[in-house]
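Okay, here's the structure, questions in a sec.
No lab work stands behind these numbers, since they all come straight from the coordinates. Everything numeric here is computed off the predicted structure, so don't read it as measured data. Here Cβ is always computed from backbone atoms with ideal geometry, including for glycine, and neighbour counts include all displayed protein chains.
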Amino acid sequence: MAMSSEVLPQVMQFLDKNARRISKLGINYQQYRLIVQTKFALASRDHVGLGFNTQKKAGSGNHDLRNSFLLYLFFGVLIGLFLLIPLPHLFALSTVFATIFVMVFLTMLTSYSSLMLDPRDRPLFVARGVSERTLSAARLTVVGFYLLLNVIAIGLPSVVALVVHYGPVAVIGGAVALLLLGLFSFMLALFVYLLVLRFFDGERLKNILNMVQIVMVVGIYLAGQVLPHMADALGALGHVQAGYYLLALPSWFAGPVLLTAGDFNLLNVLLTVLAFGVTIALTVLFWHNSSRFEQYLAKLDQSSDAPRHDGWYVRFCRKLFTRGDEERGYFDFAWRVLREERDFKLRVYPQLAYSLIIPVVFLVTMGDDGASLHSLLQSIGRGGAYALLMFNLALPVAIYNLGFSSQPEAMRLFQRVPLRHDGRFLRACMKVLFARLILPLCLPLVVIFALIGGLQTLIAGIGVLLSLYGITLLMGRSMVHTHLPFSQLFDASNQKGTSSMMGVMLLIIPVDMGLMFLGAFLHSWILAGIVLVVGALMALGSTRMFDRGVVFNVRAVESSEH
């Protein structure tokens, strides 16, 4: 199933059969075909899989697409098993589609945003007479192909599982709903990007894009899961609860399944109308503005010549985390590099948003016992601090992407001016990660949870925060070896070793979940004190792990020239 010799001809044959239809959309088909074929060929050369690379050694085989597909298929089987549990149909389908929706959306934001929002090839094509619409269609065709494989791999087992409770005819509705879900996810992301590109520019645009990604991931999952749970927690009646399902976007796609299963009622009809109507409306609206989308992408190449001054937060973190002029210099260097790295933010920030989702859903579910808002606040007071442990889910992705940069040749500076202490440079980079990613989200949440849960929750929250700091340093020391940070291009050919990163994440999830439940249900002064002491020991002990054994290969620095 390698992209080079099997899939590429089939894709191009499909496009050739629909050449007339494509041309009627205002697209120069010959130019479109050449651009699509070129982009697919480059993807094949660079061993692109479904969002991440599973190949460990160059030349060891070109099966990344197949391996990625099988891995996502495994996740899809786990999701599909949920449909075998005897639960209310609307609730079960809403949960499954919400999970698929978030996985597809998260993969799209983390892995395909750099393809959707890449303005670098635009001047080359436009100067050769390629229209904005043709270029946009070619770009989205390549992204859409990989996204379609994601949707099929994740959702196919759930569609097959529909036979058990809903009958064979429901499989047709499930397949239609799955394709609609994938198209809706794609168009929603593109439409939001279009709005952001339209109204912002310069550095502000790049920062807003990162925040929009976090808001989209968190908002969509909350709409799919938290609203129905809150409906139950507040003791809502049946007709009121139906309104929550109409607001929860992924629940819309349960409508076609239930209708084909023979469950005809007004709610299912309305869900189906929303699934089809909103998806078609977003598609038509974006298509009419696709030329503007390409024009707006040029803003991402704009940069301001005005000097950027360090704000109070940077100065605060510098004083808090650094000791000595040498480490302070490394800290400032890493901070400024990460501040400018848009590709790093596109890959890491959505994963950070996903880490934020889990504590929220956990806390809402804990209070979901049919009681009032008091139950929800009580669950926040008991388990909120411990739920923050899930933020370390974003760390493997962040540390892995720390090795890449849009301008890696800048690191050749250290070939002429050698690092005095390689370990201190790595430690400063890890501290910057914690200060930029974890601390700005966790610290306000610790304060909010403490206001609800009191001093005991505050002690536990501080302990968890110190633990996250120690985990950041420990994980950075173990994952980074001779690979100098910021020394490789953000390029598909360099995305090797991500399977080990995924393995680390799979180990983190059960450990964090176990600690989270233990802390929430055994919350006490003794436990809070233990967490504080363990966190302090981890924070202090992990800083000393960088004093020896860290030696970077400063000669292995790539060039950004293509």
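With θ set to phi - 60° and the Karplus curve 6.51 cos²θ - 1.76 cosθ + 1.60, what are the ³J(HN,Hα) couplings of segment 412-424 in order, to the nearest whole Hz, using x for Gly and Pro?
5, 3, 7, 7, 9, 10, x, 5, 6, 9, 4, x, 5
Same structure again: Could you tell me the calculated FRET efficiency between Val511 and Val533, based on Cβ-Cβ distance and R0 = 30 angstrom, to the nearest 0.05?
Approximately 0.95, to the nearest 0.05.
Now for a separate question. Measuring from label point to label point, each 7 Å out along Cα→Cβ, what is the Arg328 to Trp312 span in nm?
The modelled label-to-label distance comes out at 2.1 nm.
Do any trypsin sites (Lys or Arg not before Pro) in segment 109-182 lie in a DSSP loop with no more than 15 other beta carbon atoms within 10 Å, and if so, which?
Sparse-neighbourhood loop trypsin sites (Lys or Arg not before Pro): Arg120, Arg128.
Shifting gears a bit: Return the distance in nm (one decimal) between the two label points of a simple spin-label model at Asp547 and Lys24, each offset 7 Å from Cα along Cα→Cβ.
7.4 nm
To the nearest 0.05, how large is the calculated FRET efficiency for His421 and Leu443 if R₀ is 25 Å and r is the Cβ-Cβ distance?
0.30
In nm, to one decimal, how far is the Ile208 label point from the Thr283 one, both placed 7 Å along Cα→Cβ?
Between Ile208 and Thr283, the simple spin-label model gives 2.9 nm.
Could you work out how much longer the chain between Glu409 and Leu124 gets when fully extended? Use 0.36 nm per residue separation minus the Cα distance between them, nm to one decimal.
100.3 nm
Compute the length gained on full extension between Val192 and His481: take 0.36 nm times their separation in residues and subtract their Cα-Cα distance, giving the result in nm to one decimal.
Once the chain is fully extended between Val192 and His481, it gains 100.2 nm.
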